[in-house]
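This report refers to the structure that appears directly beneath it.
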Ligand code: SF4
């Protein structure tokens, strides 16, 4: 059976309320955070962002030697790789004179393809940037979304784009709904639909097959 995305969204929204993501002061901080969070948890990212704070603008990071950048973000793990990725991202961003509004005017698919060409920007990172920095309504397919939809009883496409497009087709193309939808799924996976789920308190219980391995 096709999932009722709108219903899932409404039930989560009514239970958890607005999440107002991404947790960042500026779109630039958001984008750097989205690279730092690869393969680690948000607590480690926060520690890195505290150290990085005095340099948290594109020009400063552009001038920062890569070794120094790597040391500043050490707490986020894989810091040498992530420093290279941040530098690659900055080199791309510089082509637009660090002008986010100019990038926002680009068509969604075209911009996504550009982001995917940057070293270390995969589909999930590209999509969170599109959604939370460039105001494009996209569905972010992460491990939490996969876990929740599977447990609800829906066999979603195995490919990233297949999963994302299926949800995007059904949800209204409203930026706020996509913004909240990803944040709500993350919140739900952390609070109730954990590795060991707490189903008795779950707002999705009445529509869930509870396929728990
Ligand atoms: S009922 Fe349980 S398995 Fe289903 S979504 Fe809720 S917490 Fe997850």
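Okay, here's what the table says:
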| quantity | calculated |
| --- | --- |
| Percent RCO, i.e. relative contact order, over the chain, from Cα pairs under 8 Å lying at least 6 residues apart | 25 |
| Cα convex hull of the chain - mean projected area over all directions, nm² | 11.8 |
| Within the chain, helix-based [θ] at 222 nm, where runs of 4 or more DSSP H residues each add -39,500 (n - 2.57), nearest 500 | -17500 deg cm²/dmol |
| Length released on extending from residue 107 to residue 46, taking residue separation times 0.36 nm less the Cα-Cα span | 18.8 nm |
| Rounded Å value of the spacing that divides the Cα centres of the stretch 171-213 and the stretch 75-135 | 27 |
| Between 0 and 90°, nearest 10: helix 79-94 axis offset from the chain longest Cα axis | 80 |
| Mean Cα-pair separation over length for the stretch 27-132, i.e. relative contact order, pairs under 8 Å, 6 or more apart, % | 30 |
| Residue 174-residue 135 pseudo-label distance in nm [points 7 Å out on the Cα-to-Cβ vector] | 1.7 |
| The chain: angle of helix 5-16 to the longest principal axis, Cα-based, in degrees nearest 10 | 80 |
| Highest average packing first - 186-198, 106-118, Cβ atoms within 10 Å | 186-198, 106-118 |
| With Cα atoms, 0 to 90° folded angle of helix 123-132 axis to the chain main axis | 90 |
| Efficiency of FRET from Cβ geometry, residue 159 and residue 91, R₀ 35 Å, rounded to 0.05 | 0.75 |
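All of the numbers you see were taken from the coordinates with simple rules; none came from a lab. Being a predicted model, the structure only gives us computed values, none of them experimental. Every residue, glycine as well, gets a Cβ built from its backbone with ideal geometry; the counts of neighbours run over all protein chains shown.
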